[in-house]
Amino acid sequence: MSWPCTDHVTAAAEDRVLRIRLHRPEKKNAITRDMYATMAAAIVQAADDSRIRVVLFEGLPGCFTAGNDLADFLNAPDAGTDSPAGRFLQAVAAFPKPLAAAVTGLAVGIGTTLLLHCDLVWACESATFQMPFVNLGLVPEFASSLLLPQLVGQRRASEMLMLGQPFDAAAARDAGLVNEVFPDEHLAEEVNERIRRLTDQPPAALRQTKQLLKRAWQAAIAEQMQIELDVFTKALAGPEAREALQAFMEKRRPDFSRFE
């Protein structure tokens, strides 16, 4: 069976694992609409394929993803549920099997909020995480305003989202965002061993356990994703986001002094 692939996203199945790998080194794996569409299609296909027991997200050595491609985003600022990004978010949130991630280097924006929906996350020591939504005049997405406080606590979530500063792999592990941190040169080996153990588990029991773990929050996650989407869409069209995104493209500091 063939899997959706492009020059910038590969999906390959081996030993009951579907590995979805971002491969856009020239842009630090910044995600475009086409990349979202490819990943969404792969996840939907994996959900229906009985041979797949685990999906693993991977990036490049030194970079998981720098987040959304802002140039692509500005050209077509569609964040609706029917957009490629919206379909990806919904496919991940509804995925019935274990989701895992191996984080290398930068994990910015969606690169961090995606991890809140993964069942297991491993990172290398050089990994760096950041959720700079407010910095860009935007608001959190992917139900992160619900899931992050549950995971790390209200105070720490407020710090991560409101200040939008980067934090390292040790801080991510201490906050519960990452299961384990490994030396960069050992990450692949350690992840492969844990994925092998996961695929050796009884598949029905794994799916049922995930369902039970997520059951209490499933409706709330869907509702929060929609609320965030509505606010995000309005913010994206607002003056703060326009100033922040224009400043980013012009490589200057944004000026929010005139806003109330």
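None of the figures in this text is laboratory data; all of them are computed from the coordinates on show. Just so it is clear, the model here is predicted, and its values are computed rather than measured. Here the Cβ is made from the backbone with ideal geometry for all residues, glycine too, and neighbour counts use every protein chain on show.
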Toy charge model, Lys and Arg Cβ at +1, Asp and Glu Cβ at -1: the chain dipole around Cα centroid in debye, rounded to 20, equals 440
The chain: relative contact order from alpha carbon pairs under 8 Å, six or more residues apart, as a whole percent, is 17
Computed over the stretch 106-209, the relative contact order (Cα-Cα under 8 Å, seq sep at least six) in percent reads 32
The lysines whose Cα lies under 29 Å from the Cα of Lys97, excluding any fewer than 8 residues away in the same chain, are Lys28, Lys210, Lys214
Ranked output for segments 12-21, 135-144 by mean other Cβ atoms within 10 Å, highest leading, reads 135-144, 12-21
Percent relative contact order for the stretch 1-75, counting Cα pairs under 8 Å at least six residues apart, stands at 37
At 20 °C in a medium of viscosity 1.002 mPa s, the stretch 108-216 has a Stokes-Einstein diffusion coefficient, with Rh taken as the Kirkwood radius over alpha carbon pairs, in µm² per second, of 142
In deg cm²/dmol, rounded to the nearest 500, the helical mean residue ellipticity at 222 nm of the chain, built from -39500 (n - 2.57) for every DSSP H run of length 4 or more, is -13000 deg cm²/dmol
Once Lys and Arg are counted +1 and Asp and Glu -1 for all other residues with Cβ under 14 Å from that of Arg53, the total becomes +3
Of Ala30, Ala171, Ala47, the most mobile residue in a GNM of the chain (C-alpha springs, cutoff 10 Å) is Ala171
